[in-house]
Amino acid sequence: MKIASFPENEKERLAALLRYKVLDTDFEECYNELTQLASEICQTPIALISLIDTDRQWFKAKTGLAARETPRDWAFCAHAILQDEMLVVDDTLLDERFFDNPLVTNDPSIRFYAGAQIKTHDGFLLGTVCAIDRVPRHLSDYQLNALKVLAKQVMSQLELRLAFDDLQKHTQKLHELNATKDKLFSVIAHDLRAPLSGIFGLSEMLLEDLDNQPKEACSGLAQEIHDTSQQTLSLLDNLLRWSLLERGQFDYQPMAIPLLAIVQKNLRLLSSVALKKQIQLHVDCPSYIFVMGDKNMLSSVFQNLLSNAIKFTASQGHIYISAKELKHNVVVTIKDTGVGMTTAQLDQLFVIEKNVSTHGTAGEAGTGLGLVLCKQFLALHQSDLCVQSEVGVGTQFSFALTAVVR
């Protein structure tokens, strides 16, 4: 038996085959009908749509054969893809390439073979549409031409498959863009308007009766204005970062960063909010730990995760921030004793079109954008945001960053 050599463009040919995502898919009627037609036109008991993979020939459709694939070394079609013209073998016992082939000497006992190449628009031969018989025979020009036409029809079906796959991707992208647009409008219409209205109302109270207001009342109103303004600024920051990220304009600039410095910076920003709710913050992050990452992105991740933990932890609760070295990584964990989440909430946590704003334990507003932003930023760091939560017990977020050896 003579084993077919590989085409000179084998690497590119295999890449072209994989592009169509057809290998190991289920049988489909449109392909089955083509092998049935080939069998009827050529008057052969067996007809196949055979695709030549790395080490096998695999049948997308078959008539009159039980096997779904055979070794490539045995494949007649592996010889066919080495030439542009159809491969026709009237009698396999008279051909030195095939007379001792296991497919000739054993079942299905091939004595006749005719294969028309399945050729892509850019010239790669993926396999054949072939007609096979157990006795020697000769096909007419009409039958041979019909096989060529059927091979072209197979290629058209594969192109349709590829076009449909691209259409699905574009449809999904449009769906995501619409979800992004809807979320943005929702934030602007509700989540951003509400705190601005609150600031306006509080400042109006001060202006209308400033002279008669006791100092303590003025201080209280000023504190409310400050807290609401801080929430609004945080919201605007998230909106801006999210918008830049969606448009691909947020550059990832990695550098060696002392992790504790980022943690402490964001704790200072949020300490007044935690103090107001009497939440205790516990930090276990050694000063010698450095990570590789984008300082602004990681600062945003910590700010959002800490803000989220404070928001959903009741008065006198606890939040634990820890960082531990594990081989070449640093595992960061932010755990709270807050309200926790249900399985349904966890499933939709990072799906932007299903992510809804939820008020905190003290009525704090939010947009649901923060966690989505965290996950996207961490993805740029080749990391993932993992979450564990139990209703009434609390929530734990964790992620890994690349450690810097100093």
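Computed quantities for the displayed model
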quantity: Label point distance in nm, Asn106-Leu326, each placed 7 Å from Cα along Cα→Cβ; calculated: 4.9 nm
quantity: Zone residues, region 33-65, relative to Val135, backbone N less than 16 Å from point 7 Å out along Cα-to-Cβ; calculated: 42-46
quantity: Likely footprinting exposure, Asp84, Asp294, fewest C-beta neighbours within 10 Å first; calculated: Asp84, Asp294
quantity: Length gained when the stretch Leu207-Asp251 is fully extended (0.36 nm per residue, less Cα-Cα span); calculated: 11.5 nm
quantity: Distance (nanometres) between label positions extended 7 Å along Cα→Cβ at Lys11 and Gln278; calculated: 6.9 nm
quantity: Two-site FRET efficiency, Thr402 against Arg19, from Cβ-Cβ distance with R₀ of 35 Å, rounded to 0.05; calculated: 0.60
quantity: Potential extension, Glu159-Tyr288 segment - 0.36 nm per residue separation minus Cα distance; calculated: 40.8 nm
quantity: Descending Cα extents along the principal axes, region 251-403, whole Å; calculated: 38, 34, 26
quantity: Proxy reagent accessibility, fewest Cβ within 10 Å first, across Thr70, Thr333, Thr342; calculated: Thr342, Thr333, Thr70
quantity: Ordering of 154-161, 102-109 by burial proxy (mean other Cβ atoms within 10 Å per residue, highest first); calculated: 154-161, 102-109
quantity: Three-way shape label, region 10-167, alpha-carbon gyration tensor, a/c 1.5; calculated: prolate
quantity: Residues Lys60, Lys152, Lys173, Lys311, sorted so that the one with the fewest Cβ neighbours within 10 Å comes first; calculated: Lys173, Lys152, Lys311, Lys60
quantity: Förster radius 45 Å - calculated FRET efficiency between Asp91 and His175 (Cβ-Cβ, nearest 0.05); calculated: 0.20
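Read the figures in this text as sums done on the coordinates, not as results from a lab. Bear in mind the structure is a predicted one, so any value in this text is a computation, not a measurement. Counting neighbours? That spans all protein chains shown, and the Cβs are built from the backbone with ideal geometry, glycine included.
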